[in-house]
Amino acid sequence: MRVAVVGATGAVGQIMLRTLERRGFAADAIVPFASERSAGRELEGYGTIQPLRDDTVAGFDLALFSAGGGTSRDWAERFVAGGAVVVDNSSAWRMDPDVPLVVSEVNPEAMDAARKGIVANPNCTTMVVMLPAKALHDRFGMTAMVATSYQAAGGAGQKGIDELAAQVPVLAADIDALVNDGAAAARKVESSVHANTLAFNVIPRLGTIGPNGYTDEEMKLQDESRKILGIPVLAVSPTCVRVPVMVGHAIEVRATYEREVDLDEALAALRAFPNLVVEEAPTPLEAAGRDETFVGRVRRDLGDPHSLNFFVVGDNLLKGAALNTVQLAELAVERGLVGRR
Ligand code: A2P
C-alpha cells in the first residue's frame, strides 16, 4: 500500500501524517508531496518531499490531498490515472455529481459511488455540523437550518494561525487603545489572510462575497449540507464569522423539523451518535486536539415546537479536515475501493 500525502508541509497535511501514524494505517510507504518551494527538502520521518510531476505521481494506491483547490483540480485525476483512489480535502471536487462528499459517521455508503476515483472531504465548518444534524434528522426530519459559525484562524491554514499569533502581542501591549480607540488599535497590525484585524475582534466576512450577498464559505454550508444529508431542498441560512481562536470551529444551529421535537429524544439521539459527545457548554479551546465533535446548549426553540437550538464544536484541523480524510482512506480500503482501479 503506497500512500501519497499532497500538501504534506501544510497545517492539515502535517496532521494527516500524524493521524495516519496514530491510527496505525497499514501503509508500506507514505510519500510526502508539496510545492516546488519545498520539493527536495527532507521531511523528518518521511524522506524527501516530492514535486508534483507526471513521473512522480504514478503507482500509488491512495493519495490524500490538502494543498488547495487548484492543486487538486490539476493533479487528482493524474493520481487516479496512475492507479490511486484520491481523498481530497479541497473544495475542487465536492459538488461534482460523480464525486461522493462523505463524513465517515454520516454517509459512508456514498463512498461506493466514487465513479471518478475521487472522494471529497467536506468543508471544515459543514463537517462538524453534520454529526448532530444527521443524528437529529434521522429522528425528526430536518427541513431548515439557520447556522451561524464562530470559525478559528486555523481554518485558513498555518498562515491564518501565524497572522493571529503575530497580532495578539502587539494589540495586548496597549489595552488602553483596545478599550478607548479600537480603530487605532486595529490599524497597528497588517492583515492579509483574514479580512480585518482578527486579534481581540470578530469578523463577519469569511471568504468572497457573491452576487447574492453570501460568501463562498456560506454557500458551501448550504450546498454541502444538502448533498451529505441527501436533502436537496433543505433551507439553509448560513452566516460565517471568523473569531480569534487558533483551532476549533463552533456553530450555533437552529434546526427545524417535520416532527415536533422532544428534547429527551433529541438528547438520546445525540448521545447515541458515534464520535459525538454531549456537554453542557462545549468550547473550541477544549475541543482543540480532540477527535470527537462536541454538542451542547441543546434547547427547544422558544417559539416553534418543531425547532431546536444547539451549539456544536469540533477541531477544524482534525475532524474538520485531516481526521475525516484518514477515516475516508480507511473506508476506501474497507469497502474495497483501493486496488480495484
Ligand atoms: P509548501 O509548504 O511547499 O508551500 P496550508 O494550508 O497550511 O497553507 O498548506 C498548504 C500546503 O499545500 C503546503 O503543504 C504547500 O506546500 C502545499 N502547496 C501549496 N501550493 C502547492 C502547489 N502548487 N503544488 C503542490 N503543493 C502545494
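The values are calculated or read from the model by the stated rules, or taken from the named source; none is laboratory data. The structure presented is a predicted model; accordingly, all values stated were derived computationally and were not measured. Here the Cβ positions follow ideal geometry from the backbone for every residue, glycine too, while neighbour counts run over all protein chains shown. Just so you know, the surface numbers come from the protein's heavy atoms only, side chains and all, with ligands and any DNA or RNA stripped out. Shrake-Rupley method; radii C 1.70, N 1.55, O 1.52, S 1.80 Å.
Structure notes:
- Residue pairs whose Cβ atoms lie under 9 Å apart, sitting 6 or more positions apart in sequence or on different chains, and linking a residue in the stretch 64-83 that is on the phi > 0 side of the Ramachandran plot to a partner that is within 12 Å of the ligand (Cβ to nearest atom), are Gly68/Gly7; Gly68/Gly10; Gly68/Ser90; Gly68/Gly157.
- Among (1) within 11 Å of the ligand (Cβ to nearest atom); (2) open to solvent by 10 Å² or more (accessible area, probe 1.4 Å); (3) part of a strand (DSSP E or B) - the single one Arg37 does not satisfy: (3)
- Val31 being in contact with a Lys or Arg (Cβ under 8 Å, 6 or more places away or on another chain), more than 14 Å from the ligand (Cβ to nearest atom) and open to solvent by less than 40 Å² (accessible area, probe 1.4 Å): no
- For Arg2, the test of being basic (Lys, Arg), over 14 Å from Ala67 (Cβ atoms), open to solvent by 30 Å² or more (accessible area, probe 1.4 Å) and more than 10 Å from the ligand (Cβ to nearest atom) is passed.
- Selection status of Gln167, more than 25 Å from Ser90 (Cβ to Cβ) and either crowded, with 19+ Cβ neighbours inside 10 Å or not aliphatic (A, V, I, L, M) (or both): yes
- Within the stretch 36-78, if we keep just the residues that are in contact with a helix residue (DSSP H, G or I) (Cβ under 8 Å, 6 or more places away or on another chain) and of a type in the set (Ser, Thr, Tyr), the residue that is farthest from Val119 (Cα to Cα) turns out to be Tyr46.
- Of the numbered criteria (1) of a type in the set (A, V, I, L, M, F, W, C); (2) open to solvent by 20 Å² or more (accessible area, probe 1.4 Å); (3) within 10 Å of the ligand (Cβ to nearest atom), the one Phe25 fails is (3).
- Restricted to strands (runs of 3 or more DSSP E) entirely inside the stretch 54-163, those with at least 2 residues that are farther than 30 Å from Asp262 by Cβ and within 16 Å of the ligand (Cβ to nearest atom) are 62-65, 85-88.
- Candidates Gly207, Gly230: the one that is open to solvent by 10 Å² or more (accessible area, probe 1.4 Å) and over 18 Å from the mean Cα position of the chain (by Cα) is Gly230.
- Just one of the listed residues (Glu218, Glu224, Glu252) is free of Cβ contacts under 8 Å to residues at least 60 places away in the same chain, of a type in the set (D, E, K, R) and surrounded by 14 or more Cβ atoms within 10 Å (Cβ to Cβ), and it is Glu218.
- Tally, over the stretch 6-20, of residues that are within 9 Å of the ligand (Cβ to nearest atom), open to solvent by less than 30 Å² (accessible area, probe 1.4 Å) and β-branched (Val, Ile, Thr): 2
- Of everything in the stretch 266-285 that is loosely packed, with under 13 Cβ neighbours inside 10 Å and charged (D, E, K, R), the residue that is farthest from Arg22 (Cα to Cα) is Glu280.
- Check on Leu323, buried (at least 21 other Cβ atoms within 10 Å of the Cβ) and out of contact with any strand residue (DSSP E or B) (no Cβ under 9 Å at 6 or more places or on another chain): yes
Listed here are the residues, each with its yes/no results for (1) closer than 30 Å to Gly7 by Cα; (2) out of contact with any strand residue (DSSP E or B) (no Cβ under 7 Å at 6 or more places or on another chain).
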position: Tyr150; (1), (2): yes, no
position: Lys159; (1), (2): yes, yes
position: Leu164; (1), (2): yes, yes
position: Val170; (1), (2): no, yes
position: Asn180; (1), (2): no, yes
